[in-house]
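The values are calculated or read from the model by the stated rules, or taken from the named source; none is laboratory data. Please read these numbers as outputs of a predicted model, since none were measured by experiment. All Cβ positions, even for glycine, are placed from backbone atoms using ideal geometry, and neighbour counts span all protein chains on display. Note: accessible area is taken over every heavy atom of the protein model, side chains too, but ligands, DNA and RNA are not part of it. Shrake-Rupley method; radii C 1.70, N 1.55, O 1.52, S 1.80 Å.
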Amino acid sequence: MEIENIKSPQDIKRLDIKDLEGVCASIRAKIISTVEESGGHLSSNLGAVEIITALHYVFNCPADKLIFDVGHQAYTHKILTGRLDGFDKLRKNGGISGFPKPEESEYDCFATGHSSTSLSVALGLSTAAKLKGEHYSTVALLGDGALTGGMAYEALNEIGSEQLPVIIVLNDNEMSISKNVGAMSKHLTRLRVSKRYAKMKSEIKRAVSTIPLLGDGIIYLLEKSKKLLKRIVLSNKMFEAMGISYYGPFDGHNIRELVEVFSQVKNTKTPVIVHVLTDKGHGLNSAILDPAHSHGVSGAVKSNGKSFSDILGKFLVGAAEKDDKIVAITAAMAIGTGLEEFAEKYPSRFRDVGIAEEHAVTLSAALASAGIKPYFAVYSTFLQRGFDQILHDVCIGGYPVKLCIDRAGAVGADGVTHQGVFDISYLSLIPGMTVMTPSDGDEFRQMLEYSLEFDKPLSIRYPKSYSIDRSHAPIEYGKWEVLRKEKSNVYVLAAGSRAVDIAEEASSFVKINTVNCRFVKPLDEPFLNSINKKGNVIITVEDNVRRGGFGESVLSYLNSVSKNESAKVIILAHPDKFIDDREIDSTLSSSGISAANLTDIVKNLE
């Protein structure tokens, strides 16, 4: 069957199992061609084609609930559920999202974009079915990387306790984005390469084959029932002890074997885990050989920006040569955050904690309390998961943890679940936290140098890339930098590289004073006092939501000190809503964070 003729999972249910291999091959080819053109998550999706096809062949979605962990492996699911027409514009405006999205299709039963949530969702939906007297299967598909996140174990504990029929499919490819770490990863590896199973299987085959007349038939029956043999030999004591029946491991690229095992567990009355082994990037040699770098592909259009992540990586390598107390920490994102070289040169001072941001923050706090200098490099959207740990474990103790917050601000293609537009707001409300934001790479280097001797909690937030480098005045705590001084009553307070670029572009059309607000917290109160005069206009610009952001902090301060005469304040920031725009420029423009809008505002003041 041509995948163009698949409008719903019902279409593949009419096929013979042997025909599913051709469907999988066509889907894999479509994923490769689309991602190479549009960008997206390549290796994770190539590894999950057979699993998802088999799940849709056996289960009856959308009545049955298929929950994805993270969701970046859901492309096959989208193709099989009637979204092929929008697939060519994957992760673009007007096309389909790169992650499950209920607003997009009834087959997407729950939105997701962060890891280790699927088991909690599956338990919730299974509980709801019981309370409402409904009958449907609940299937959670998660990778072994998700088991490095503590939330997964919280859910596993209750799943085993409640004994509801949650079906857990563990896609074990030894990878999340970076290679998986930790005890669970090692335990799963032991199951993959169990000599005990291989030896027993070989011995049984050899013994049975000598039985006259019956040998071949018995071998056939053993092959048909090898699921049971695997379960007996490789029974996972951890899962079994929690009350969850363990099946596997199975070949995650053998569609017939997957259909058989899913059919057998479909009507389970108690929780089960089906352990399947896959190759991340299956079907594309370059992705198999380097699945980490093939995890996220930029597509045909490349960014011309300079990388903040590269600057961080090079800086930490150089600083670590001089100071043996410097430690770099990542949560399964060594490549994205620029720490690959550090990991190679200083393996004893590099920590990849897996998909466990909460743990990474508290680990950093403990290291700092003992005199080590930890730098935790993390995407803004994922640091949200560590909010309590930042407040409770870092800031109450006042430990000098350095949070290097990558992908801050609008992120584009990954959409609503990955926008980094909240960090200024939630970090600014925590007592004792200092928040800085560089306007370019040269200033970022200065901030990192400054951080080496800064003995309190510190966050430095920055987007993926920047455009140009400028020369800057030395950093003084809490002091802003005037980049452009004009004979104008308009002061543009720009927080971050995108905001500064916007202000400088607007200055070609209108006269403004451009201020580089390198410290978001604390505010430069003396400078604000100096410009807080009647007749002056203060325009704040930030790539963050307005609520609780930089602009509202400025306004709140000025309101607290103003008498009768004060400057007018205008705030340019993202509105109080979730943003699913897939292009950074249009995200900023639609929020009014643009040189054109800034120019119009200033002209209308005249």
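Worth a mention:
- The lone criterion from (1) buried (at least 22 other Cβ atoms within 10 Å of the Cβ); (2) not in a helix (DSSP H, G or I) left unmet by G386 is number (2).
- Evaluated against (1) at pLDDT below 95; (2) open to solvent by less than 60 Å² (accessible area, probe 1.4 Å); (3) in a loop (DSSP other than H, G, I, E, B), A287 falls short on exactly one condition, (3).
- Exactly one residue out of A494, A473 is touching a residue at least 40 places away in the same chain (Cβ under 8 Å) and of a type outside the set (V, I, T), and it is A494.
- Residue count, the range 51-82 (criterion: under 17 Å from G145 (Cα atoms) and of a type in the set (S, T, Y)): 0
- All positions within the range 82-122 that are of a type in the set (A, V, I, L, M, F, W, C), in contact with a Phe, Trp or Tyr (Cβ under 7 Å, 6 or more places away or on another chain) and part of a helix (DSSP H, G or I): V121
- Candidates V541, V602, V554, filtered to the one that is closer than 19 Å to E504 by Cβ, assigned to a helix (DSSP H, G or I), among the β-branched types (V, I, T) and at pLDDT 95 or above: V602
- Scan of the range 82-95 for residues that are open to solvent by 10 Å² or more (accessible area, probe 1.4 Å) and touching a residue at least 12 places away in the same chain (Cβ under 8 Å), ordered by number: G82, R83, L84, D88, K89, R91, K92, N93, G95
- Of all the numbered requirements in (1) under 16 Å from the mean Cα position of the chain (by Cα); (2) at pLDDT 95 or above; (3) crowded, with 24+ Cβ neighbours inside 10 Å; (4) not hydroxyl-bearing (S, T, Y), V394 misses one, and that requirement is (1).
- V520 satisfies every condition listed in (1) assigned to a helix (DSSP H, G or I); (2) in contact with a Phe, Trp or Tyr (Cβ under 6 Å, 6 or more places away or on another chain) except (1).
- Residues in the range 573-582 include at least one that is outside any helix (DSSP H, G or I), farther than 18 Å from D414 by Cα, open to solvent by less than 60 Å² (accessible area, probe 1.4 Å) and in contact (Cβ under 8 Å) with a residue 24 or more places away in the chain.
- Search result, residues across the range 554-567 that are open to solvent by 40 Å² or more (accessible area, probe 1.4 Å) and in contact with a Leu (Cβ under 9 Å, 6 or more places away or on another chain): V561, S566
- Qualifying residue in the range 506-515 (condition: open to solvent by less than 40 Å² (accessible area, probe 1.4 Å), touching a residue at least 40 places away in the same chain (Cβ under 8 Å) and in a helix (DSSP H, G or I)): yes
- Residues of the range 375-383 include at least one that is open to solvent by 10 Å² or more (accessible area, probe 1.4 Å) and farther than 24 Å from V482 by Cα.
- Selection within the range 440-466 - open to solvent by 60 Å² or more (accessible area, probe 1.4 Å), under 15 Å from S307 (Cβ atoms) and outside any helix (DSSP H, G or I): K464
- Residue under evaluation H77, criteria (1) in a loop (DSSP other than H, G, I, E, B); (2) at pLDDT 90 or above; (3) closer than 23 Å to E2 by Cβ, criterion not met: (1)
- Checking every residue in the range 335-345 against the condition of being out of contact with any Pro (no Cβ under 8 Å at 6 or more places or on another chain), closer than 29 Å to E104 by Cβ and assigned to a helix (DSSP H, G or I) gives zero matches.
Every residue, every condition in (1) crowded, with 16+ Cβ neighbours inside 10 Å; (2) among the hydroxyl-bearing types (S, T, Y); (3) under 11 Å from P271 (Cα atoms); (4) touching a residue at least 12 places away in the same chain (Cβ under 8 Å), yes or no:
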| site | (1), (2), (3), (4) |
| --- | --- |
| S116 | yes, yes, no, yes |
| G133 | no, no, no, no |
| L147 | yes, no, no, yes |
| I159 | yes, no, yes, yes |
| V166 | yes, no, yes, yes |
| L170 | yes, no, no, yes |
| N173 | yes, no, no, yes |
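- The numbered conditions (1) over 23 Å from the mean Cα position of the chain (by Cα); (2) farther than 27 Å from A152 by Cβ are all true for F342 except (1).
- Check on Y426, within 30 Å of L367 (Cβ to Cβ) and not in a loop (DSSP other than H, G, I, E, B): yes
- Scanning the range 1-17 for residues that are loosely packed, with under 13 Cβ neighbours inside 10 Å and free of Cβ contacts under 8 Å to residues at least 60 places away in the same chain gives E2, N5, Q10, K13, R14, D16.
- The requirement of being without any contact (Cβ under 8 Å) to a residue 40 or more places away in the chain, open to solvent by 10 Å² or more (accessible area, probe 1.4 Å), more than 23 Å from K266 (Cβ to Cβ) and not in a strand (DSSP E or B) is fulfilled nowhere in the range 37-60; no residue meets it.
- Test: residue in the range 52-68 that is modelled with pLDDT under 95 and farther than 29 Å from F382 by Cα: no
- Of all residue pairs spaced 6 or more apart or on separate chains, those with beta-carbon atoms under 8 Å, a first member in the range 321-345 that is more than 25 Å from S369 (Cα to Cα) and a second member that is among the hydroxyl-bearing types (S, T, Y) are I335/S178; G336/S309; G336/Y379; G338/S307; G338/S309.
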